[in-house]
Structures are given as C-alpha cells and as structure tokens.
Amino acid sequence: MAKTSFDYTVRLLFFASGFCGLVYEVIWAKTLHKIVGCSLHAVTLVMAAFMCGLALGGYGGGRLVRPQSNGLRIYACLEAGIGIFAFLSPLVLTGLIPVYVGLHGLFNPSVHLAHALRFGLCFLALVVPAALMGATLPVLTQYLDGLRPGLIRNLGYLSGFNTLGAMLGCFTAGFLLIPHLGISWTVRGAALVNLTAAAFAWVLGRRAPGSPPASSPKTPAMPTDESAPAYRTTLLLFAFTLSGFFALGYEVLWTKAIAFFISNTTSAFSAMLTTFLFGLGLGGLLVARFADRFKRLWFGFGLIEVLIGLSALGSTVIFAKFSYPDRFDQSSATPLWFKFTYSFLVMFLPTVLMGLLLPLAGKILVRSKTGIGRSVGSLYAGNALGCVTGVAVTGLAFIPILGIQKSIVLLCVLQVSLGLVLIATDQELPLRRRLAWLVPLAALASIATWVMPAEGKIYSSANRAGMPRSQSIFYREGAASIVEVLENSDGNRDLIINGAINATAYPVSVGLRAHRLIAQLPLLLHPDPQRMLLIGLGSGMTAGAALSFDSLKSIDCAELSPDVVQATVYFERWNRAVTRSPRFRMTIEDGRNAMLTSGRTFDVITLESIHPKWDAGNASLYSRDFYRLCKSRLNPGGVISQWAPLNGMTLQEFRTILKTFSEEFPHVSLWFAQPTSYLAATNAILLGARE
C-alpha cells in the first residue's frame with residue numbers, strides 16, 4: 001500500500017475512533033446523571049472522571065509504545081478494548097445506581113463527601129475506556145512518525161481527524177442516533193464501529209509500507225536540542241496544561257452565555273459543542289497542511305496563545321451587544337440554524353487557534369526530550385488535567401464570584417499574559433525583536449481589556465423585547481443559572497431564570513393561580529396528607545400554598561440553584577415567607593438525586609413549573625424512569641402533581657408526556673388553571689395516583 005493511502009487510511013480509522021468516543025461520552029454522561037444529577041457540579045464530576053482517565057491513558061500510552069513496536073497492532077487492541085467495554089457499559093453503569101444508593105445510605109455523607117463519592121464511582125466506571133481512548137493518540141503518533149517523519153504533520157492530521165470525528169459523533173448522537181435508535185442501539189452501533197476499526201487496524205498492521213520488523217534494531221532517537229534550557233520543558237508542559245484550563249473555561253462560559261440567548265436545551269448544547277469541536281479539528285488540519293512553514297516554534301506557540309486570548313475577548317462584545325431573537329416564524333423555539341450560526345460566530349476563530357497548539361507543543365517537546373510517544377503522552381495528560389481544572393474552577397468559583405463577562409475577561413488576560421511570557425523566553429529571537437513584539441501586543445491587550453463591556457447586568461431581561469417593562473431588583477449569575485427578579489411600576493414581580501419567565505406575581509393572574517393549584521390540588525385529593533416533597537422552589541408560591549394545610553407536618557424541597565432560594569425573599573408577599581416556616585426543609589440538590597438518596601417516602605410529590613425544553617436535563621423529569629422513581633417514593637394512596645406545559649411544545653411531544661405519565665400512574669387527570677383563558681394551554685396540571 002502506498003504511504004499516502006496508508007496514512008489517510010489510518011487517519012480515517014482515528015476519525016471513526018473520535019466519532020465513537022463522543023457518542024460514548026454523550027451517552028455515558030446521560031446515564032451517569034441518574035447518579036450525579038444534572039447540575040454543573042454533576043457535569044463537572046462526570047467530565048473530571050472522564051478527563052482523568054484520558055490523562056492516565058495519554059501518560060501511560062506514551063510509555064507503552066516503542067519506536068520498533070507495531071503501533072497499529074497496539075492501536076487495534078486499544079480499540080477492541082473500548083468496543084468490548086462499550087457493549088458491557090449499560091450493565092456496568094446501571095449497576096452503579098444501587099451501589100451509590102447503598103453507600104449513600106450507609107455513610108450519610110455531607111455535601112462535599114457526597115460529591116467525592118459520586119466522583120469515585122464515575123471514575124471507577126469510566127477510567128478503563130477513557131484510559132484506552134487517551135492512549136491511542138501517542139501510540140499512533142509514534143508509529144506514523146517512525147514510518148514517515150514529520151511530527152507536526154502527523155500529529156496535526158491525527159488530532160484534526162479525531163476531533164472532526166468527535167464533532168460528527170456529537171452532532172449525530174444528539175440529533176439523529178439517540179432520538180431515532182435510542183441509547184441501547186446507539187451504544188451497540190458505536191461499539192461495532194470500534195471493533196470493526198480494531199480488526200481493520202490489525203490487518204492493516206501487517207501491510208504497513210516500510211514497517212520495521214520486530215527483530216530490527218531500535219530506530220535512532222530524534223536528535224534533541226541540547227542548547228535549550230532545561231526549564232523550557234517544564235514551562236512548555238505547564239503552558240500546555242494551562243491551555244487546557246483556558247479552553248474548557250471558555251467552553252463553560254460560552255455555553256452559559258450562548259444558551260442564555262438561544263435556549264439551554266439539549267439541542268442547543270449539541271450545537272455549541274459541535275461548533276467547538278469543529279474549530280479544534282480544523283485547526284489541527286491547518287497546522288498539518290502548513291507544517292513545513294513553521295520555523296520558530298516557541299515564538300509561534302506564544303503568539304497563538306496571545307491571539308486566542310484576544311479573539312476570545314471579542315466574545316464579550318457579541319454577548320453585550322446582541323439583540324435577542326424573540327420570534328422566528330411566530331415560534332418561541334430558536335431554530336437550529338440560528339443556534340449553529342451564533343455558536344459559530346462566538347467560537348470559531350478561538351477554537352481554530354486552539355487546534356494549532358498540540359502539534360507545535362509536541363514538536364518543541366521532542367526537541368528537548370527523546371521519545372515522540374512519551375512527549376505526546378505527557379502533553380495530552382497535562383492538557384486533560386488542565387481541562388478538568390478549568391471546568392471546575394470556572395464553573396464553581398469564577399462565575400459565582402465574578403459573573404460571566406468578567407470571568408471571560410480574566411481568562412483572556414491570563415492567557416495573553418502566558419503568551420507574552422512564552423515570547424519573552426524565546427532564546428531563538430534576539431532581545432530587540434522580542435521587545436518589538438511584546439510591547440505592541442501588551443498594549444493592544446491592555447486597550448482591548450479596558451474597552452470591553454464587562455460591567456453591569458449584561459444578561460438582564462429588564463425591558464428587553466418580549467418581557468414586561470420593569471426594573472431589575474435582584475440579579476445573580478450563578479453556577480446553576482442566571483436568576484433575576486423584575487418589578488414593574490405597579491409593584492408586581494416576575495422571576496426570570498436563564499432569561500425565561502418562571503413565575504409571575506400579579507393580583508389576578510393565571511400564573512399565580514397555577515402555582516397554587518399545583519400544590520393544593522393533590523393535597524385536596526389526598527385524605528390525610530402529612531409529608532410533601534416539592535421538586536424545584538421557584539418563587540416559593542407553590543410551597544407557600546401548601547402551608548394552608550394544617551395536616552402537613554413537613555414540606556421537603558429540593559432546589560438546584562442557591563440563587564433561586566435567595567430570590568424567594570422578594571416574593572414573600574405571595575409565598576407566605578415559606579422558607580422561614582418550621583415545617584419547611586430546604587435541600588440544595590438536584591431533585592432526582594435528592595429523591596433517589598433520601599430513602600424517605602411522601603404522601604404528595606409536586607414538581608414546580610419546570611419546562612422540559614428550557615434547560616438541558618429538565619426532560620429527565622418527564623421520563624418513564626423518573627416517574628417510576630416517584631412512584632416508589634409515594635406512600636399508599638399517594639398523589640403526584642406536575643406542571644405540563646404546552647408552550648414551546650409540539651402536540652406530539654405533549655401527547656408523549658401524557659402517555660408516559662399515564663402508563664406509570666393508572667389514575668390520571670388533566671387540569672387547567674383557567675380553561676377559558678388563552679393562557680390556559682401554558683398551565684396544564686397533571687395529577688396521578690398509585691391506586
């Protein structure tokens with residue numbers, strides 16, 4: 001087989017590997033959400049476990065392969081291992097749920113220990129396949145470079161093809177495979193692709209052009225740059241680790257900001273992640289295509305870091321000046337083309353630049369350190385750990401403390417500073433030329449940071465089109481959501497969560513009546529309600545309506561966002577100051593997870609006005625699996641009530657909710673807050689009973 005054809009065949013195999021990897025990540029994350037929940041903490045735990053596995057695999061894979069090894073055979077074994085685990089993954093991941101519930105009940109851990117327990121279980125579940133995935137890049141890079149030297153080209157094409165495969169996997173999993181085939185068949189199909197790729201790679205390994213036989217002497221090591229200071233290796237590894245920190249930090253911030261404008265649905269998240277991966281993959285292909293033109297690698301690496309920071313800084317302007325798309329064909333749903341367009345506008349340039357970094361860093365490191373596989377593995381491992389840290393620190397610290405815009409500016413400043421440090425330490429450039437670059441770049445970054453819009457309530461809904469004319473009296477950008485309370489000139493108030501109206505407090509309104517009915521209808525139908533579980537606090541008006549029933553001894557409430565709890569103070573005229581009632585007990589936790597681990601049973605379970613399409617993860621509260629969990633937590637004679645929206649839903653989607661609910665609860669009724677009102681369709685209430 002000709003070398004060029006052979007190279008492209010290997011790249012296509014690695015494309016398929018990336019495709020399957022993202023399909024698995026999407027599906028395993030959805031499955032593990034039954035353990036960890038759907039909050040940002042939960043997403044961080046799953047991603048941290050997966051990235052730690054990738055880091056271990058990258059580090060170990062770089063030390064596993066030798067220059068004389070048949071890398072394709074090793075790659076085939078890795079792919080086969082991934083495929084075999086994928087076939088077994090439904091049993092493994094489902095089996096973790098009773099283990100988690102048992103350990104949680106045994107130790108009754110605090111919040112932080114509970115997070116540690118969830119991370120430990122996720123890590124045990126994902127470490128094997130993630131490590132196998134992480135080992136594939138250094139193995140193939142070492143192998144291809146032995147056949148056809150050119151590290152930047154080989155690493156660029158491999159990372160580019162793999163990332164574009166991941167992009168296609170993300171898109172097809174979110175929009176095609178899971179909706180049409182379901183999770184089980186999608187996993188089986190991806191596992192079959194892995195096993196097919198493994199078999200093909202095994203056979204291809206025997207036909208490699210010019211592949212050295214196993215008994216041949218060891219290939220000479222690539223010459224190292226002995227003149228390079230020793231600290232440069234450490235600095236490069238640290239810089240590339242920080243690059244992962246910045247990249248995933250930006251992704252968290254951009255995801256929250258973009259979702260605020262185009263809706264935080266699963267399809268919106270898939271559109272954003274697809275765009276992010278497309279930029280990374282294209283960057284890898286570009287650096288491979290023009291590999292021969294890169295001469296001053298250290299300077300180029302530093303300059304790219306500066307350009308990423310400056311281009312990411314431009315996203316603050318887009319978010320601050322963007323005009324909300326309130327109507328598309330008179331529909332409240334944002335069309336798919338707009339989700340991709342807006343994501344592309346924000347992410348494309350920075351992510352393409354990010355895709356250039358790995359091949360350059362690999363080439364620099366190999367100059368100072370023998371062993372291509374070892375060098376690529378070390379870089380990959382460091383970058384993966386940086387990604388984990390970036391997600392955690394940005395989501396759990398930067399956003400609650402600084403807000404989205406200032407967090408973006410902070411990351412940009414740090415990344416530009418890193419790039420300037422790298423340029424300043426480039427010994428290949430004379431001092432005069434370094435200063436000629438450093439001074440104008442530093443000045444440009446300072447001016448850009450100064451003029452960028454980062455102050456004020458940029459994501460406020462006050463007075464924007466489609467919202468009541470009002471002023472903002474409470475505003476928080478938190479890890480879970482952006483929460484705001486608006487007040488109009490009559491003193492009436494609205495609770496806004498992630499840009500959507502969650503509750504309205506008007507003297508005469510369908511919304512206020514609906515919140516009261518969601519709580520009071522099941523309590524009226526139960527002969528002796530004593531214990532109630534409320535999932536979602538919202539404005540507190542639903543929980544406050546339950547206080548009218550003296551028979552109720554306790555009202556347990558699980559709310560994901562602490563900022564929502566703070567906002568209830570502004571609705572005490574309507575919610576009867578429920579959060580200060582001795583019968584009310586608040587838990588900051590994902591509702592499903594709280595129910596799963598509490599072990600308590602209830603007479604009434606009520607779900608607040610949580611739209612299945614407004615936030616990623618909400619749809620799980622309308623699933624068969626969730627209804628079965630609710631049924632298991634209801635006492636004999638227990639009643640469940642759930643807000644059932646028609647706004648933003650197709651008739652078929654609404655029928656699916658009714659069908660799923662009625663199949664789990666044999667006694668069902670559908671109520672409307674005000675049957676003669678046009679707004680009644682947005683405020684239907686489902687009631688169900690065990691018997």
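Just so it is clear, none of the values below were taken in a lab; they were calculated from the coordinates. Note that the coordinates shown come from a computational prediction; the quantities given were computed from them, not determined experimentally. Every residue, glycine among them, receives a Cβ derived from its backbone with ideal geometry; neighbour counts consider all protein chains shown.
Computed from phi, the 3J(HN,Hα) profile of the stretch 43-57 under the Karplus parametrisation 6.51, -1.76, 1.60 (θ = phi - 60°) reads 4, 5, 5, 5, 5, 4, 5, 5, 5, 5, x, 4, 4, 4, x Hz, with x in place of Gly and Pro. A cut-off of 5 Å between modelled amide H atoms, ignoring neighbours fewer than 5 places along the same chain, links ALA644 with ALA684, ILE685, LEU686.
What is the helix-to-structure angle for 151-172, meaning the angle in degrees between its Cα long axis and the longest Cα principal axis of the chain, kept from 0 to 90 and rounded to the nearest 10? Value to nearest ten degrees: 20. Taking every alpha-carbon pair in the stretch 1-211 and binning the separations at 5 Å intervals from zero gives 1, 8, 15, 19, 18, 14, 10, 7, 4, 2, 1, 0, 0 percent. Distance between the modelled labels on TRP450 and TYR506, one decimal in nanometres: 4.8 nm (7 Å Cα→Cβ projection). Using only side-chain charges placed at the Cβ, +1 for Lys and Arg and -1 for Asp and Glu, the dipole size of the stretch 413-541 relative to its Cα centre rounds to 100 debye.
If you average the sequence gap of Cα pairs under 8 Å that are 6 or more apart and divide by the length of the chain, what percent do you get for the contact order? It would help to have the intermediate numbers written out before the result.
On the way: 1256 pairs, mean separation 98.8, N = 691.
Across the chain, relative contact order equals 14 percent.
Shape class for the stretch 510-689: rounded, because the ratio a/c of the largest to smallest gyration tensor axis (alpha-carbon atoms, square roots of eigenvalues) is under 1.5. Under 12 Å of direct C-alpha separation, and excluding same-chain neighbours fewer than eight residues apart, LYS34 reaches these aspartates and glutamates: ASP590, ASP625.
Enumerate the residues in the stretch 497-532 having an amide nitrogen under 16 Å from the point lying 7 Å beyond the Cα of THR601 toward its Cβ. Residues passing the 16 Å test: 527-532. Quarter the surface of the alpha carbon convex hull of the chain and you get the mean projected area, 31.2 square nanometres. Taking each of LYS256/LYS363; LYS256/LYS631; LYS457/LYS613; LYS457/LYS553; LYS406/LYS613 in turn, the alpha-carbon distance tops 30 angstrom for LYS256/LYS363; LYS256/LYS631; LYS457/LYS553. Once backbone amide H atoms are built at 1.01 Å from N, ALA503 has LEU495 as its partners under 5 Å, excluding neighbours fewer than 5 places away on the same chain.
Mind checking the angle between helix 510-525 and the chain's longest principal axis? C-alpha axes, 0 to 90 degrees, to the nearest 10. The answer is roughly 70 degrees.
Using 20 Å as the cut-off for backbone N distance, which residues of the stretch 620-652 belong to the label zone defined by a point 7 Å from the Cα of HIS667 along Cα→Cβ? In the stretch 620-652, the label zone of HIS667 (backbone N under 20 Å from the point 7 Å along Cα→Cβ) covers 627-643. Computed on the stretch 565-691, with alpha-carbon pairs under 8 angstrom and 6+ residues apart, the relative contact order is 23 percent. Dipole magnitude for the chain: about 1440 debye, using +1 per Lys or Arg Cβ and -1 per Asp or Glu Cβ, origin at the Cα centre. Placing unit charges on the Cβ atoms of the charged side chains and taking the dipole of the chain about its Cα centre, the candidate lying farthest along the positive direction among LEU204, LEU512, TRP437 is LEU204.
Against the chain, whose longest principal axis is taken from its Cα atoms, helix 178-204 shows a tilt of about 10°. A cut-off of 5 Å between modelled amide H atoms, ignoring neighbours fewer than 5 places along the same chain, links PHE584 with ILE555. Computed from the C-beta positions of LEU431 and ALA397 and an R0 of 25 Å, the FRET efficiency is 0.10 to the nearest 0.05. Rounded to whole numbers, the Karplus 3J(HN,Hα) couplings from phi for the stretch 636-652 are x, x, x, 10, 10, 10, 8, 5, 10, x, 10, 5, x, 10, 7, 4, 5 Hz, using 6.51 cos²θ - 1.76 cosθ + 1.60 with θ = phi - 60°, and x at Gly and Pro.
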